[in-house]
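Worksheet: the structure to be examined is printed underneath.
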Amino acid sequence: MDRLNPEMHEWMRSQAVIALFTALPAGTMRFVGGCVRNALWGEEVGDIDLATQLDPKAVAKALGEAGVKYVPTGIDHGTITAVIDRKPFEITSLREDVETDGRRAVVSFTQDWAKDAQRRDLTVNALYADYDGQIYDPTEQGLSDIATKKFRFVGEADLRVREDYLRILRVFRFIAHYGGQEKIDAASLKACRENRAGLKQLSVERVWSEIKKLLCAKDPARAARIMLTNDILETVLREASNVDGLSRLIALEARANIAPDPLLRLMAMGARDSVQITLLCERLKMSKAETKRLRAWADDDAQLSTDMDERDQLKALYQSGKQVVVDRAWLRAAGEEDPIQAARFMSLANLALNWTRPVFPIDGKDLSEFGVPKGPQMGKAMKALETLWVRSGFRTEKPQLLAALKLLGY
């Protein structure tokens, strides 16, 4: 296919897209990258990126004269972000690299589509389409690689990787999201393997962002296994490189209709070891929420088993929290070879998912009115009553709990 039918792709004829193509001189702008690639594969089109022969100042001038709002988000690198109805559209001037160091590049602007294509990562991402849907393939490999779902770096693979080492992770992300069982381009894989040490030069935030995107794929196990066998996975995830654990979880997800969760999948790839998980969170500079969840899972000391009665299950839920129990139960279910045991852990996970944390009926005011002094003594009394309440299955009410204070010596 060398053409997209705009009538079959609503995103090509949205009011915003029409406004952008109207604002810039005819023939100077084309769709590029992911939107073209995904349309050809029949995949959902998300962000719509555009490339233009105009330099950034000319783009800004044309948008301004057309009354289109824009933000100079990456003007030094040639990107202007137009905003229409709160939706962003990145418009990037055609570029060629002047200098690269594996992390960032110095670019110059050009009007040559072929030169712009040569600085892109993969051939399937170096396709352009004009307003009428005509596809342009400057590398002369993009369309054939689209047809066979072959992931190949543009031009000399080793050079492309050394221009930006993040491309190593990006190619595996594309394999995870879009690849089937097709053979991977040998030269591209070799370039990734031989330049894997370059990943250590990248900011850990960029690395973690790319890993999360990879782990969000429906089934990233094959991509992760190829990374493992080529010593790439341990370069970025030395604390969590158990692909077998990932595969077992993905199989459970398919059976139980569990949505892909990158953090749960990361847990499946690592050991529930507090020290290792802490190091992983710190090394990748994860967010507070991500760190909290992973460490809560790693630090939890509740004894979860399939022969727990309901009272013990509820106690574990109250002490450990819903998310921790769900995470642990799903991972245990995924790792169980006995289908009966796996089903029991799934039942525990379902109990947790539908559980509402009960509210302890005693507060500091209650204890003060009872005559318990504030400070350590009140904290000790509160803890003792809460323990009684939990042991009762959360059934003991306030009067009985306060009465128990006398038995405790208050």
Checklist entry - Give me the pairs: first residue in the stretch 318-347 and closer than 18 Å to G270 by Cα and buried (at least 18 other Cβ atoms within 10 Å of the Cβ), second residue modelled with pLDDT of 95 or more and among the β-branched types (V, I, T), beta-carbon distance under 9 Å, and six or more apart or on different chains, which are they? => result W330/I258; A334/I250
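Which residue out of W330, W355 is of a type in the set (F, W, Y) and more than 25 Å from D244 (Cβ to Cβ)? So that I can check it myself, show each step before the final result.
On the way: W330 fails: more than 25 Å from D244 (Cβ to Cβ).
Unique residue meeting the criteria: W355.
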Item to check | Segments classed as strands (runs of 3 or more DSSP E), wholly inside the stretch 19-91, with at least 2 members that are closer than 18 Å to Y136 by Cβ and either under 23 Å from the mean Cα position of the chain (by Cα) or not basic (K, R) (or both) | outcome: 29-32, 50-52
Item to check | Index of the failed condition, T306 passing every other in (1) part of a loop (DSSP other than H, G, I, E, B); (2) closer than 17 Å to L266 by Cβ; (3) of a type in the set (S, T, N, Q) | outcome: (2)
Item to check | Some residue of the stretch 237-244 being among the hydrophobic types (A, V, I, L, M, F, W, C), crowded, with 19+ Cβ neighbours inside 10 Å, in a helix (DSSP H, G or I) and not assigned by TED's automatic domain parsing to the domain that holds K213 | outcome: no
Checklist outcome for this item: In the stretch 273-290, anything loosely packed, with under 15 Cβ neighbours inside 10 Å and among the charged types (D, E, K, R) is listed as D273, E282, K285, K288
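To keep it simple, each residue is scored yes or no on (1) small (G, A, S); (2) farther than 30 Å from N257 by Cβ; (3) more than 38 Å from the chain's Cα centre (by Cα).
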{"site": "A334", "(1), (2), (3)": "yes, no, no"}
{"site": "E337", "(1), (2), (3)": "no, no, no"}
{"site": "F360", "(1), (2), (3)": "no, yes, no"}
{"site": "D363", "(1), (2), (3)": "no, yes, yes"}
{"site": "E369", "(1), (2), (3)": "no, yes, yes"}
{"site": "T387", "(1), (2), (3)": "no, yes, yes"}
{"site": "L407", "(1), (2), (3)": "no, yes, yes"}
Checklist entry - Within the stretch 34-51, can you find the residues that are closer than 18 Å to T123 by Cα, in contact with a strand residue (DSSP E or B) (Cβ under 8 Å, 6 or more places away or on another chain) and of a type in the set (D, E, K, R)? => result D49
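The values are calculated or read from the model by the stated rules, or taken from the named source; none is laboratory data. This one's a predicted model, so the numbers in the text were calculated from it and none came from an experiment. Neighbour counts run over all protein chains shown; Cβ positions are idealised from the backbone, glycine included.
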